[in-house]
């Protein structure tokens, strides 16, 4: 997963340098309403290009940590350690509409993308000290977002609607499900291509 993250960041930076009309935005943020004992975080990086005076299209690469909610069929037998972070990587084409062309620009946006789920470590109490790998199917998901952009800084809310997935262990047994959808609050910064996209 770390190699995929590094590759995508290098690719996006390269695309930005290759095309001066592309605007590159980074968006760190927090997740709201998670089940994890740890802090839920998100990080998006997104090259964008202006398609009209009020619309922008982009390709968002997103990472969320501790966003998943787990449900096991047999909680007396299977569990995961909530201290072990789970992660979701997403690749989402996006479309944003801005209501004004002023310095203060409220916007709404949407996207349809592919969400890659990390594996999890599942403890099986029926076998002493046995930890198995729980596989979770990747999914197509829908992104809905909105907020306010002040110059090159953006404050946003986003909801990623992702279908639930089964948790499968190596024996091909389905032991539960995962709610993959998540809601986040972010602040975005333009780090490249500012002048060209604002003209």
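In table form, for the structure just shown:
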read-out: Debye intensity ratio I(q)/I(0), log10, the range 149-189, q values 0.24 Å⁻¹ (C-alpha model); value: -0.80
read-out: Projected-area mean, the range 43-199, by convex hull of Cα positions, square nanometres; value: 9.7
read-out: Spin-label model distance (nm) - residue 95 vs residue 35, 7 Å beyond Cα toward Cβ; value: 3.4
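Read the figures in this text as sums done on the coordinates, not as results from a lab. The model shown is predicted, which means the values in this text are computed figures rather than measured ones. Every residue, glycine as well, gets a Cβ built from its backbone with ideal geometry; the counts of neighbours run over all protein chains shown.
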